[in-house]
Amino acid sequence: MSRSADSVNSVIKAYDVRGVVGEQIDAEFVRDIGGAFARLAREEGAGRIVVGHDMRESSPGLVKAFAEGVQAQGLDVVDIGLASTDGLYFASGSLNCPGAMFTASHNPAKYNGIKLCRAGARPVGQASGLAQIAREVQAGVPDYNGARGTVSSQNLLSEYAEFVRNLVDLTQMRRLTVAVDAGNGMGGYTVPAVFRELNVELKPLYFELDGSFPNHEANPLDPANLVDLQNFVRETGADIGLAFDGDADRCFVVDERGEPVSPSAVTALVAGRELAKEPGAAIIHNLITSRAVPEIVAERGGKAVRTRVGHSFIKQTMAETNAIFGGEHSAHYYFRDFWGADSGMLAALHMLSALGEQPRPLSELMAEYERYIASGEINSTVADAARRMEEVAAEFKERAAAVDWLDGLTIDLSDGSWFNLRASNTEPLVRLNVEARAKKRVDEITAEVLRIVRR
């Protein structure tokens with residue numbers, strides 16, 4: 001059946017498929033996406049597609065519909081059942097076949113979606129397949145005249161757990177007490193399997209799989225959703241706290257005082273550990289990460305490579321530069337040894353190893369990586385983002401030490417402070433990030449930029 005361009009494009013976004021179940025996404029729609037993705041995969045020589053899903057109530061039914069679409073195009077389906085997104089990437093890499101992960105990540109319960117990848121966990125974005133899928137779903141997926149594919153089931157949880165443990169040296173760890181907030185998401189499924197072999201005392205919080213998210217949203221990027229973990233760390237006397245988002249591909253860190261550790265600091269620490277394994281390697285960071293990241297990469301003998309925000313840009317640049325590791329301000333961490341894909345679990349294991357192999361508390365360990373003060377991302381609703389950015393550029397022109405437009409507007413100031421202002425891909429918003437050596441300076445720059453943007 002054919003569909004309107006608006007209905008299709010509102011769901012098939014820049015990096016994935018995502019929408020409200022029963023309104024924007026239903027079984028028939030997902031069946032067609034399965035068929036269109038299978039056609040793309042078959043053109044590239046694939047004979048099967050691996051599928052996993054999160055704990056949302058709608059996920060199993062949508063997986064069934066997607067599998068029907070794939071089978072109708074003559075490809076087989078390997079259903080791994082419950083999985084984190086990085087668990088699905090592991091399956092795609094280890095089985096060397098395209099994959100589909102059913103999740104809406106940190107979105108509320110009424111949403112669901114699909115993250116698609118090629119064999120070896122290579123990304124599928126607008127320019128690399130999603131636009132073609134959208135066109136076919138809109139026009140109607142052509143029938144296939146060959147034999148129908150089959151469905152088989154395979155549980156890869158233990159293989160995934162062993163694989164990620166083997167990528168990090170965990171042999172020198174002292175005993176650690178580790179508090180983990182799974183947010184009723186897939187971390188509650190993967191953490192016990194991975195941590196079972198570690199020298200840790202696990203303190204679990206909200207490990208019950210529940211796609212209605214009864215305790216808080218599974219989005220640790222919002223400080224409000226870290227409060228329970230911060231209190232839990234203090235109550236339990238944990239050495240470290242870890243918070244995973246709904247599909248457990250992102251990991252946030254809290255120190256022994258209950259204070260958040262910035263994802264930029266985590267990026268810098270993991271970068272240093274990976275550079276110890278391969279001196280001189282390239283490390284990817286997006287332009288919102290702290291300037292501490294490229295500084296520390298250079299100090300450790302690595303090559304820092306700056307990219308636009310977004311996993312498709314990170315993964316593409318990693319492939320082009322053969323980078324060993326990449327990190328984003330949003331707590332996505334990418335590893336060459338993990339098919340260039342992102343894994344919150346691997347970042348967590350690096351943090352545990354780094355903490356456990358030395359005697360200091362986490363707050364002291366991370367002090368050298370927290371060199372600047374950041375504003376965090378501040379959103380403003382605007383009708384014309386491009387014009388607002390031009391106005392900001394004009395007002396700062398005489399004071400700017402450097403200006404670039406790699407991803408929105410980035411202005412470096414002579415005192416070492418900087419800010420980035422960029423438009424949202426999906427909403428009428430501009431997003432501001434400011435960094436300086438002192439909070440007072442961050443507040444000054446923030447107030448001045450917002451005055452221009454919001455006037």
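The values are calculated or read from the model by the stated rules, or taken from the named source; none is laboratory data. In this text, all values refer to a predicted model and were calculated from it rather than measured experimentally. In this analysis, Cβ positions are derived from the backbone assuming ideal geometry, glycine residues included, and neighbour counts consider all displayed protein chains. Quick note on the areas: whole protein, heavy atoms, side chains included, nothing else; ligands and nucleic acids left out. Shrake-Rupley method; radii C 1.70, N 1.55, O 1.52, S 1.80 Å.
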Pairs where the first residue, in the range 267-289, is touching a residue at least 12 places away in the same chain (Cβ under 8 Å) and farther than 15 Å from Leu349 by Cβ and the second is part of a strand (DSSP E or B) and charged (D, E, K, R), C-beta under 6 Å, 6+ apart: Ala282/Lys303; Leu287/Arg306
All strands (runs of 3 or more DSSP E) inside the range 74-184 with 3 or more residues being within 21 Å of Gly47 (Cβ to Cβ) and open to solvent by 30 Å² or more (accessible area, probe 1.4 Å): 151-153
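Does Asn379 qualify as being open to solvent by less than 30 Å² (accessible area, probe 1.4 Å), under 30 Å from Arg257 (Cβ atoms) and part of a strand (DSSP E or B)? Walk me through it before giving the result.
Working: open to solvent by less than 30 Å² (accessible area, probe 1.4 Å): no; under 30 Å from Arg257 (Cβ atoms): yes; part of a strand (DSSP E or B): yes.
Taking the combined requirement at face value, the residue does not satisfy it.
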Among the candidates Ala393, Ala436, Ala423, Ala383, residue that is small (Gly, Ala, Ser), touching a helix residue (DSSP H, G or I) at 6+ places or on another chain (Cβ under 7 Å) and farther than 23 Å from Arg371 by Cα: Ala423
Residues of the range 444-455 satisfying the condition of being surrounded by fewer than 17 Cβ atoms within 10 Å (Cβ to Cβ), touching a residue at least 60 places away in the same chain (Cβ under 8 Å) and farther than 15 Å from Ala383 by Cα: none
Unique residue being closer than 30 Å to Asn215 by Cα and either surrounded by fewer than 17 Cβ atoms within 10 Å (Cβ to Cβ) or basic (Lys, Arg) (or both) when the list is Glu43, Glu57: Glu57
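Among residues belonging to the range 238-294 that are acidic (Asp, Glu) and more than 24 Å from Val194 (Cα to Cα), point out the one that is most open to solvent (accessible area, probe 1.4 Å).
Filtering the range 238-294 for residues acidic (Asp, Glu) gives 239, 245, 247, 249, 255-256, 259, 274, 278.
Subsequent filtering for residues that are more than 24 Å from Val194 (Cα to Cα) retains 259, 278.
Values: Glu259: 79, Glu278: 63 Å².
The extreme case among them is Glu259.
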Residue within the range 176-192 that is closer than 18 Å to Arg56 by Cα, at pLDDT 95 or above and of a type in the set (Ser, Thr, Tyr) present: yes
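Which one is nearest to Gly310 (Cα to Cα), of the residues in the range 406-442 that are of a type in the set (S, T, N, Q) and over 22 Å from the mean Cα position of the chain (by Cα)? Let's see the steps before the verdict.
Looking only at the range 406-442, we keep the residues that are of a type in the set (S, T, N, Q), and these are 410, 414, 417, 420, 424-426, 433.
From what's left, over 22 Å from the mean Cα position of the chain (by Cα): 410, 414, 417.
Values: Thr410: 16, Ser414: 28, Ser417: 23 Å.
Taking the candidates together, the pick is Thr410.
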Residue match in the range 361-371 (condition: touching a residue at least 40 places away in the same chain (Cβ under 8 Å), assigned to a loop (DSSP other than H, G, I, E, B) and more than 23 Å from the chain's Cα centre (by Cα)): yes
